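*Asks:* Can you read through this structure? Questions will come right after.
The values are calculated or read from the model by the stated rules, or taken from the named source; none is laboratory data. On a predicted model such as this, the values are computed, not experimentally measured, just so you know. For neighbour counting, all protein chains shown are included, and Cβ atoms are generated from backbone atoms with ideal geometry for every residue, glycine included. Ligands, DNA and RNA are stripped out before the accessible areas are found, and what is left, the full protein with its side chains, is counted by its heavy atoms. Shrake-Rupley method; radii C 1.70, N 1.55, O 1.52, S 1.80 Å.
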Amino acid sequence: MESSRVAVIGAGLMGHGIAYLFAAGGHEVRVHDPAAAAREQLPQRLRDICDLLGADRAVAERVTSGESIEWAAADAGIVIEAVLEQLPLKQAIFAELERVAPADAILASNTSALPITRIAADLKSKPRVLGSHFWNPPHLVPLVEIVLMGPENRPAADRLAGVLRTIGRHPVLVHRDIPGFIGNRLQHAMKREAIALVASGVCDAETIDDVVKQGFGARLGVLGPLEQSDLVGLDLTKNIHDTLIPDLDVTPATHPYLNALVAKGDLGMKTGKGFRQWTPDEAEAVRDRLRRALVAAARRN
């Protein structure tokens, strides 16, 4: 199997799930994290995923951890960086990876929004540097956005996509390196309009969520937006756009309504209030509902 050893840099929210995926796919995985607590918690977090998905706990034994990036990246065919969304931190890690990883290793960042060109700005071996945006939680959501900086990245992107398919992921190629890539741009374009509707008094936040979940969201898992447009006809889509597009929100920065909520300390479920009010039990019920739905989908796949 190509790239039988994989290195994951970061054992946190995303890193441990990414490590599980490669280990479950038969790869030896080395995880680096400078925090001793993160390394100590890693085996149990991996076993928890095994139990959640009904997998053999032996998968967790294919993952080892250490405090040295050089140790983790030695002889690796693929290195996935999964640290905090801080550009200077990622740049420093990639500078070290370029020095210690094998010359033909793919170096990929799990950033969800930072342009790869910024992360790789000072690197010499740019053709092997990619974005690899796994979605949270990576062991339950199949999509991985592979982000290219240009045509020179295509061989590495094709290699990475091939390996990801063998571990049960669904890779897509992002041919232009733009902030947010594809998924987050679509997701946050909808959020901008949702916030504007609430801010302008059209409806409340609960109604927004109901409209998405009980309306077009119910079909999104089987019918993408452009697929749906082709289904109903582009002439109908154009007629709707002629009326609707000029009236959509075009706020050029973070909406003032969201800024005001953050300034007040209304940060969502963790503070009990955001766009909506939440008791601890209500918040946990949402987390449990999401977890159950994702696990059921992952087991079907």
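*Asks:* I need the calculated FRET efficiency for the pair Glu28 and Arg165, taking r as the beta carbon distance and R₀ as 22 Å, to the nearest 0.05.
*Replies:* The value I calculate is 0.70.
*Asks:* Give Lys191/Lys264; Lys213/Lys264; Lys90/Lys264; Lys90/Lys213; Lys90/Lys273; Lys124/Lys191 a once-over and call out the pairs whose C-alpha atoms are over 26 Å from each other.
*Replies:* Those over the limit are Lys213/Lys264; Lys90/Lys264; Lys90/Lys213; Lys90/Lys273; Lys124/Lys191.
*Asks:* Here's a follow-up. Can you give the extra length, in nm with one decimal, that the chain gains between Ala298 and Asp281 once fully stretched, where that is 0.36 nm per residue apart less the Cα-Cα distance?
*Replies:* 3.6 nm
*Asks:* Please list, in chain and number order, the residues 5+ apart from Trp278 or on another chain whose amide H is under 5 Å from its amide H, with Hs placed from the backbone.
*Replies:* Amide H neighbours of Trp278, under 5 Å, 5+ apart: Lys273.
*Asks:* Here's something else I'd like to know. Note the angle between two axes, namely the Cα long axis of helix 205-214 and the longest principal axis of the Cα atoms of the chain, as a number of degrees from 0 to 90, rounded to the nearest 10.
*Replies:* 70 degrees
*Asks:* Can I ask one more? Once you list every other residue whose beta carbon is under 9 Å from the beta carbon of Val6, what net charge do they have if Lys and Arg are +1 and Asp and Glu are -1? Spell out each step's value before the answer.
*Replies:* Working: positive: Arg5, Arg30; negative: Glu28.
Combined, the nearby Lys, Arg, Asp and Glu give +1.
*Asks:* Got a sec to turn the phi values of segment 121-136 into Karplus ³J(HN,Hα) couplings, 6.51 cos²θ - 1.76 cosθ + 1.60 with θ = phi - 60°, whole Hz, x for Gly and Pro?
*Replies:* Taking θ as phi minus 60°, the curve returns 3, 9, 7, 9, 9, 4, x, 9, 9, 9, x, 9, 7, 6, 9, 8 Hz for segment 121-136.
*Asks:* Taking all protein chains in place and a 1.4 Å probe, what share, in percent, of the accessible surface of the chain do carbon and sulfur account for?
*Replies:* The nonpolar share, carbon plus sulfur, comes to 56 percent.
*Asks:* Please give the Cα centre distance for segment 146-207 versus segment 70-85, rounded to the nearest Å.
*Replies:* 23 Å
*Asks:* Where nothing but the Cβ of Lys and Arg (+1) and of Asp and Glu (-1) is charged, how large is the charge dipole of the chain around its Cα centre, in debye to the nearest 20?
*Replies:* 280 debye
*Asks:* Okay, moving on. What angle, in degrees between 0 and 90 and rounded to the nearest 10, separates the Cα long axis of helix 183-199 from the longest principal axis of the Cα atoms of the chain?
*Replies:* Approximately 30 degrees, to the nearest ten.
*Asks:* Might you work out the accessible area of Met190 for me, using a 1.4 Å probe with all protein chains in place, and round it to the nearest 10 Å²?
*Replies:* The accessible area of Met190 comes to roughly 90 Å².
*Asks:* Work out the FRET efficiency for Asp242 and Leu143 from their Cβ-Cβ distance, taking R0 = 35 Å, and round it to the nearest 0.05.
*Replies:* 0.65
*Asks:* On a full-extension model of 0.36 nm per residue, what is the gain between Lys273 and Arg291, subtracting their alpha-carbon distance, rounded to one decimal in nm?
*Replies:* Full extension of this stretch gives 4.3 nm more.
*Asks:* Okay, moving on. Could you rank Cys50, Cys203 by how accessible they are, 1.4 Å probe, largest area first?
*Replies:* Order by accessible area, largest first: Cys203, Cys50.
*Asks:* With everything on Cα atoms, drop me the angle between helix 87-100 and the longest principal axis of the chain, reported from 0 to 90° to the nearest 10.
*Replies:* 30 degrees
*Asks:* Excluding ligands and nucleic acids, what accessible area in Å² is computed for Asp122 using a 1.4 Å probe, to the nearest 10?
*Replies:* 140 Å²
*Asks:* A follow-up question, please. Given the DSSP H assignment, sum -39500 (n - 2.57) over each helix run of at least 4 residues in the chain and divide by its residue total; what's the result at 222 nm in deg cm²/dmol, nearest 500?
*Replies:* -14500 deg cm²/dmol
*Asks:* Here's another thing I want to ask about it. Compare the Cα positions of Val172, Val262, Ala55 along the charge dipole of the chain (+1 at Cβ of Lys, Arg; -1 at Cβ of Asp, Glu; about the Cα centre) and return the one farthest towards the positive end.
*Replies:* Towards the positive end, the residue furthest out is Ala55.
*Asks:* A further question follows. Which length gain, in nm to one decimal place, applies between Asn136 and Ala35 when the Cα-Cα distance is subtracted from 0.36 nm times their residue separation?
*Replies:* That works out to 34.2 nm of additional length.
*Asks:* Taking the solvent-accessible surface of protein heavy atoms with a 1.4 Å probe, what is the per residue accessible area of segment 99-182 in Å²?
*Replies:* 41 Å²
*Asks:* Go through segment 153-160 residue by residue and turn each phi into a ³J(HN,Hα) via Karplus (6.51, -1.76, 1.60, θ = phi - 60°); whole Hz please, and just put x for glycine and proline.
*Replies:* Those phi angles translate into 8, 4, x, 5, 5, 5, 4, 5 Hz.
*Asks:* Arranged from highest to lowest average of other beta-carbon atoms within 10 Å per residue, in what order do the peptides 127-136, 102-111 appear?
*Replies:* Sorting 127-136, 102-111 by mean packing, highest first, produces 127-136, 102-111.
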